[in-house]
1. Considering Cα pairs under 8 angstrom that are at least six residues apart, work out the relative contact order of the chain and quote it in whole percent.
2. How much of THR52 can a 1.4 Å solvent probe reach, expressed as accessible area in Å² and rounded to 10?
3. Suppose a student asked you for the relative contact order of the stretch 66-118, using Cα pairs under 8 Å spaced at least 6 residues apart; what percent would you report?
4. So what is the accessible area of the chain per residue, in Å², with the probe set to 1.4 Å?
5. Take the solvent-accessible surface of the protein heavy atoms, probe 1.4 Å, and return the percent of it on the stretch 1-65 that carbon and sulfur atoms account for.
6. In terms of solvent-accessible area of protein heavy atoms at a 1.4 angstrom probe, what is the ranking of ARG19, ARG38, ARG3, ARG100, highest value first?
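The values are calculated or read from the model by the stated rules, or taken from the named source; none is laboratory data. Treat the numbers as computed from the prediction; the structure is a model and nothing was measured. Note: areas computed on protein heavy atoms with side chains; ligands, DNA, RNA excluded. Shrake-Rupley method; radii C 1.70, N 1.55, O 1.52, S 1.80 Å.
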Amino acid sequence: QVRLVESGGGLVQAGGSLRLSCAASGSISSIGPIRWYRQAPGKEREWVATVTSNSNTNYADSMKGRFTISRDNAKNTVFLQIDSLKPEDTAVYYCNADVRSTLSSDPIRYWGQGTQVTISS
């Protein structure tokens with residue numbers, strides 16, 4: 001079984017920074033691309049950024065400049081640094097990852113439970 005757990009969310013004033021983490025655990029053989037998404041109240045979930053297994057990154061156009069995704073393969077953890085936070089960044093942030101477990105030869109996409117980020121003006 002594989003589990004993704006996000007952390008690092010909270011209530012922050014506009015202009016501040018946050019670093020979110022997504023840690024994978026369980027019977028992991030390898031992890032492919034890891035992605036961050038967010039879902040604001042009343043809106044659809046939107047893709048934020050992706051980091052590949054060799055740390056190539058890609059961002060949604062609206063996220064370029066203030067969002068930085070990175071990963072630590074030794075710790076099976078991915079990070080999302082968000083700078084110059086704005087009230088419109090308020091959302092639940094989720095990660096997902098394509099994981100090949102020790103029990104299966106095919107990768108499976110797992111989601112975390114999300115971490116709430118609330119930005120006050």
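1. Details: 309 pairs, mean separation 44.3, N = 121.
Contact order relative to length: 37 percent.
2. 40
3. Reported as a whole number, the value is 30 percent.
4. 52
5. Answer for the stretch 1-65 is 43 percent, counting heavy atoms of protein chains only.
6. Largest to smallest exposure gives the sequence ARG3, ARG19, ARG100, ARG38.
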